[in-house]
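Here is the structure we will look at, set down as structure tokens.
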Amino acid sequence: MIMLSPIIESIPDIDKECVALCDAINLYAPKIRTVESCCGHGKRTYKIWLHIGNEGLDELPKILYFLDVCHNGRPGWSCEIYTDCGMSPVSFKIQGPVGDQAYDDAEYIAGLIRAYFEENMAKG
């Protein structure tokens, strides 16, 4: 059984298709926080928004690595950096495909993240 991070357990209305990937990010990159997500509901792209302070930037490559098609075999995933009209601090948005492909991919990518971190944690 996969244990969920306390952050995900405390969010009652998260799209079920986003749980695995949000949880893997929150659990294995503790300086990165998922702040919003939407599976796209089969009509729009899959999205997860991240809050990353300066101290979290060193963890970002460990997550982005698994979004790259050459490491996951699943095309259509990216991470965008943006701000708003008021020059707010930058935000990060993970974006994937639409519909069932995105949901399957997200589960698969979450599994890759979990496996990598669990293997490296076991090595010490």
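No value in this document is a laboratory result; all are computed from the given coordinates. Keep in mind that this is a model prediction, so the values were computed, not measured.
Dividing the helix sum by the residues of the chain, where each DSSP H run of 4 or more adds -39500 (n - 2.57), gives a mean residue ellipticity at 222 nm of -12000 deg cm²/dmol.
Please count, across the chain, the pairs of lysine residues with Cα atoms under 30 Å apart that sit 8 or more places apart or on different chains. Final tally of qualifying lysine pairs is 15.
Rg over Rh for the chain works out to 0.95, using Cα positions for both radii and the Kirkwood form for Rh.
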